[in-house]
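Undergrad: Just dropping this structure here.
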Amino acid sequence: MSWRVAVVAELRDETDTARTLALDIADWSGHTAGQHVDVRLTAPDGYTAVRPYSIASGPGQQRVDLTVEIDPNGEVSPYLARDVTVGEQLEIRGPLGGWFVWRPAQTEPVQLIAGGSGLVPLMSMLRARAATDSSAPFRLLYSVRRPEAMLYADELIRAGKLEDVDVSLTYTREAPPGWPHPVGRLDAVRLEVETWPPSVAPTTYICGPTAFVEAVADLLLAAGHEARRIRTERFG
Amino acid sequence: MSLISRGFSGRRRSSDPNLPPGQYLTEDFPVLSAGPTPRVDLDDWELSVTTETGDVHRWDWAGLQALPQDEPTVDLHCVTRWSKFATDWRGVSLDTLLADVETAADYMLISSYGGYTTNVPLEDLLDGKAWIAHTYDGEPLAAEHGGPARLLVPHLYLWKSAKWVRGLTLSLEDEPGFWETAGYHNYGDPWREQRYWGE
């Protein structure tokens, strides 16, 4: 698999610490929702660093969007989320990953559960569904630290583009005024209320930090969901 | 010739000869797995070896512990690009496990509690190159890292070191496992950067 040149066509700040890079990639053959690409940076002295980033855009879009959350201890993410400029060229290869994906041919109910920037590959699935007139029932449960940390807030809530998707939020540090639910880690009660029950036999995609994914997957198993229908992607 | 990102300097530029190409060092122990973490009770735990003729050898937890134990210190290399040096393990060498197993097989398919599978040539598992590991850093191996026991094949990318190992099937034919059929390399040598299919 060879490296290709991607041109940064547009930059969009999503939050104070996350930015979307819209890339033009010559001869891009498309991707499946949930896949990622490797991004390679080369310093002037020849030093290179490669990191995987999930694709946020749906398949079939002209540009490939990557949303990069800054890891303060990271080597690559601060550069991509702060320093990159429009017109700059990056090297990428992919798309990669054949397991944590959703295909429009899937018609079963789908449960998406995101922790923080783990929303990115799930957003690609939501966009893929919207673009293909899929009638697969989708629900999203999205855990964020605080309201300002929410990615794609306009698209998820205000613009109503996903009006037939049940989007639920949970806040771990700070909630908007008047928020009716407890603030803190997702617990079994909230998880049960906000997700498809085991009787619906959804395919569940969980993405987020390791501790979040471990905790949520354990709660789902305890609630009676089948392990084989739960797909996970973890980072950190 | 690579594209240069002028504003990018990077940090970890020490060229450690023990670090395979494209990897970076971490002190953490990140977790990568495709589904929920299986929780296996030691009373129910079992490891089997099945030969190409259908002979089955079984060990329960006490049986595994009764075998001669090794204490390898090895470097780990994950395909997601982190490497971790000098990790301390305790477990049973596959040389010990397979000592009384009659086989003409060239390949092994490793299967796990939870359904994961991976394939490794048998010669990569013998002569002190692989273990069934149950202790990490002096403690029982945590479930998210593959406990009660995982395969440890440190000279290949870490997805080959199947967590929650349950069965080893010897075969005359190579049969790709879970990630190997999902786009990852069939062999997975970190020093040749065999990350994806076709590399």
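Read-outs: derived from the displayed coordinates by stated rules, not from any lab. What you are looking at is a predicted structure, and each value in this text was computed from that prediction instead of being measured. Note that we place each Cβ from the backbone using ideal geometry, even for glycine, and neighbour counts take in every protein chain shown.
Undergrad: I need the strands (runs of 3 or more DSSP E) fully contained in the stretch A:1-68, keeping only those with at least 3 residues that are of a type in the set (A, V, I, L, M, F, W, C).
TA: Correct list: A:4-15, A:18-25, A:36-42.
Undergrad: I'd like to check which strands (runs of 3 or more DSSP E) are fully inside the stretch A:157-236 and have at least 3 residues that are within 14 Å of chain B (Cβ to nearest Cβ), touching a helix residue (DSSP H, G or I) at 6+ places or on another chain (Cβ under 7 Å) and of a type in the set (Ser, Thr, Tyr). Let's see the steps before the verdict.
TA: Values: elements: A:166-171, A:203-209, A:230-235.
Hits in the stretch A:157-236: A:203-209.
Undergrad: Also, I was wondering about something else. With B:His155, B:His134, B:His185 as the choices, which residue is surrounded by 21 or more Cβ atoms within 10 Å (Cβ to Cβ), more than 14 Å from chain A (Cβ to nearest Cβ) and touching a strand residue (DSSP E or B) at 6+ places or on another chain (Cβ under 9 Å)?
TA: Matching residue, one of B:His155, B:His134, B:His185: B:His134.
Undergrad: Starting from residues that are more than 12 Å from every other protein chain (Cβ to nearest Cβ) and surrounded by fewer than 18 Cβ atoms within 10 Å (Cβ to Cβ), keep the ones in the stretch A:29-57 and report whichever is farthest from the chain's Cα centre (by Cα).
TA: Out of the qualifying residues, it is A:Ser29.
Undergrad: Failed condition for A:Arg190, given (1) among the charged types (D, E, K, R); (2) more than 20 Å from A:Val165 (Cβ to Cβ); (3) more than 19 Å from the chain's Cα centre (by Cα), with all others met?
TA: With respect to (1) among the charged types (D, E, K, R); (2) more than 20 Å from A:Val165 (Cβ to Cβ); (3) more than 19 Å from the chain's Cα centre (by Cα), A:Arg190 is out only on (2).
Undergrad: State whether one or more residues within the stretch A:81-99 are crowded, with 20+ Cβ neighbours inside 10 Å, within 9 Å of chain B (Cβ to nearest Cβ), free of Cβ contacts under 8 Å to residues at least 40 places away in the same chain and not polar (S, T, N, Q).
TA: no
Undergrad: Kindly provide the set of residues from the stretch A:16-28 that are closer than 14 Å to A:Leu80 by Cα and either in contact with a strand residue (DSSP E or B) (Cβ under 8 Å, 6 or more places away or on another chain) or of a type in the set (Val, Ile, Thr) (or both), ordered by number.
TA: A:Thr17, A:Ala18, A:Arg19, A:Thr20, A:Leu21, A:Ala22, A:Leu23, listed by residue number.
Undergrad: Right, another one. Can you tell which of A:Pro78, A:Pro109, A:Pro176 is in contact (Cβ under 8 Å) with a residue 40 or more places away in the chain and surrounded by fewer than 23 Cβ atoms within 10 Å (Cβ to Cβ)? Reasoning before the result, please.
TA: Working: A:Pro78 fails: in contact (Cβ under 8 Å) with a residue 40 or more places away in the chain; A:Pro176 fails: in contact (Cβ under 8 Å) with a residue 40 or more places away in the chain.
Among A:Pro78, A:Pro109, A:Pro176, only A:Pro109 is in contact (Cβ under 8 Å) with a residue 40 or more places away in the chain and surrounded by fewer than 23 Cβ atoms within 10 Å (Cβ to Cβ).
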